[in-house]
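K.L.:
If you scroll down you'll find the structure; I have some questions about it.
The values are calculated or read from the model by the stated rules, or taken from the named source; none is laboratory data. Values in this document were obtained by computation on a predicted structure and should not be read as measured data. Virtual Cβ from ideal backbone geometry, glycine too; neighbours counted across all protein chains shown. When the accessible area is computed, the model is the full protein with side chains, heavy atoms only, and any ligands, DNA or RNA have been set aside. Shrake-Rupley method; radii C 1.70, N 1.55, O 1.52, S 1.80 Å.
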Amino acid sequence: SSPAQQCAYDETVAAFAERDTCLLHGVTSSGKTEISIRLIQDQLERGRQVLYMLPEIVLTAQLVERLKRVFGDRLGVYHSKYPDAERVEVWQKQLSEQPYDIIVGVRSSVFLPFQRLGLVIIDEEHETSFKQQDPAPRYHARNVGLVIARQTGAKTLLGTATPSLESYYNAQCGRYGLVTLSERYGSVRMPRVE
């Protein structure tokens, strides 16, 4: 990892020592996933589980491939395009003696049973698709994730290049930790904006 990523990782760990929620505000391609992977490893070493939530199914394939390379069979995937039987299988495995240590999923994965949840990662936390309007129940998966983390004593990492107004406000007020990654990995130049 780059010095900037190492620094952001250290700052995130320090933020979690003081607060339950941390906003990781990193420009696109700055290496937020790399930091998430290290935080997941920390949790697994402590025997805790991780929920990694994404707003869109489209985004899961690429991430799952990358996480599978690191974590192998310890990773389960849960999303609404799966047939019911497969979703029931994941649900039952989460209640078993050998549950998945990491679940990657879209908003409905927030309701899966976890036995020892240590970290909830909400990627692209600003995305409106975390909000379910139809069908009922209507809920905002990011907010549900925050509540479940609080109830289970887990930490929450909110990752985004464009924070939602409320998350940014909470970070500015000191309710959340705030870690900023302002350079792209490999010193790739940012686009010129006019």
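K.L.:
Please specify each residue of the range 17-52 satisfying the condition of being among the hydrophobic types (A, V, I, L, M, F, W, C) and in contact (Cβ under 8 Å) with a residue 24 or more places away in the chain.
P.N.:
Initial filter on the range 17-52 (among the hydrophobic types (A, V, I, L, M, F, W, C)): 17, 22-24, 27, 35, 37, 39-40, 44, 50-51.
Within the range 17-52, 22, 23, 24, 27, 35, 37, 39, 40, 44, 50, 51 meet the criteria.
K.L.:
What single numbered condition from (1) modelled with pLDDT of 95 or more; (2) open to solvent by 30 Å² or more (accessible area, probe 1.4 Å); (3) touching a strand residue (DSSP E or B) at 6+ places or on another chain (Cβ under 9 Å) fails to hold for residue 149?
P.N.:
(2)
K.L.:
Hey, another quick one. Out of the strands (runs of 3 or more DSSP E) lying entirely within the range 96-194, which hold 2 or more residues that are under 13 Å from the mean Cα position of the chain (by Cα)? Spell out the reasoning first.
P.N.:
On the way: elements: 102-105, 117-123, 155-160, 177-181.
It comes to 102-105, 117-123, 155-160.
K.L.:
From the list 138, 192, which residue is under 25 Å from residue 8 (Cα atoms) and either touching a residue at least 40 places away in the same chain (Cβ under 8 Å) or not β-branched (Val, Ile, Thr) (or both)?
P.N.:
Numbers: 138 fails: under 25 Å from residue 8 (Cα atoms).
From the options 138, 192, the qualifying one is 192.
K.L.:
Take the residues in the range 101-146 that are touching a strand residue (DSSP E or B) at 6+ places or on another chain (Cβ under 8 Å) and polar (S, T, N, Q), then tell me which one is surrounded by the fewest Cβ atoms within 10 Å (Cβ to Cβ).
P.N.:
Only one residue fits best here, namely 115.
K.L.:
Okay, moving on. Give the range 53-83 a look and list any residue that's without any contact (Cβ under 8 Å) to a residue 40 or more places away in the chain and touching a Ser or Thr at 6+ places or on another chain (Cβ under 8 Å), or say none.
P.N.:
Just the residues of the range 53-83 that are without any contact (Cβ under 8 Å) to a residue 40 or more places away in the chain, to begin with: 58, 61-62, 65-83.
If the condition is that a residue be without any contact (Cβ under 8 Å) to a residue 40 or more places away in the chain and touching a Ser or Thr at 6+ places or on another chain (Cβ under 8 Å), then 66, 77, 78, 79, 80 are the ones that fit.
K.L.:
Let me ask you something else. Looking at (1) touching a helix residue (DSSP H, G or I) at 6+ places or on another chain (Cβ under 6 Å); (2) outside any loop (DSSP other than H, G, I, E, B); (3) farther than 23 Å from residue 183 by Cβ; (4) not charged (D, E, K, R), find the lone condition where residue 64 falls short.
P.N.:
That leaves (1) as the condition not met.
K.L.:
Here is a further query. Condition test on residue 159, is it in contact (Cβ under 8 Å) with a residue 24 or more places away in the chain and either touching a Lys or Arg at 6+ places or on another chain (Cβ under 7 Å) or within 22 Å of residue 10 (Cα to Cα) (or both)?
P.N.:
Values: in contact (Cβ under 8 Å) with a residue 24 or more places away in the chain: yes; either touching a Lys or Arg at 6+ places or on another chain (Cβ under 7 Å) or within 22 Å of residue 10 (Cα to Cα) (or both): yes.
In short, yes.
K.L.:
I'd like the full set of residues that are open to solvent by less than 70 Å² (accessible area, probe 1.4 Å) and either at pLDDT below 95 or of a type outside the set (A, V, I, L, M, F, W, C) (or both), limited to the range 17-36.
P.N.:
First, pick out the residues of the range 17-36 that are open to solvent by less than 70 Å² (accessible area, probe 1.4 Å): 21-27, 30-36.
Selection gives 21, 25, 26, 27, 30, 31, 32, 33, 34, 35, 36.
K.L.:
If you don't mind, there's one more thing I want to ask. Starting from residues that are assigned to a loop (DSSP other than H, G, I, E, B) and in contact with a helix residue (DSSP H, G or I) (Cβ under 9 Å, 6 or more places away or on another chain), keep the ones in the range 68-95 and report whichever is surrounded by the fewest Cβ atoms within 10 Å (Cβ to Cβ). Spell out the reasoning first.
P.N.:
Taking the range 68-95 and keeping what is assigned to a loop (DSSP other than H, G, I, E, B), we get 79-83.
Filter again for in contact with a helix residue (DSSP H, G or I) (Cβ under 9 Å, 6 or more places away or on another chain), leaving 79-82.
Working: 79: 19, 80: 11, 81: 9, 82: 15.
It comes out as 81.
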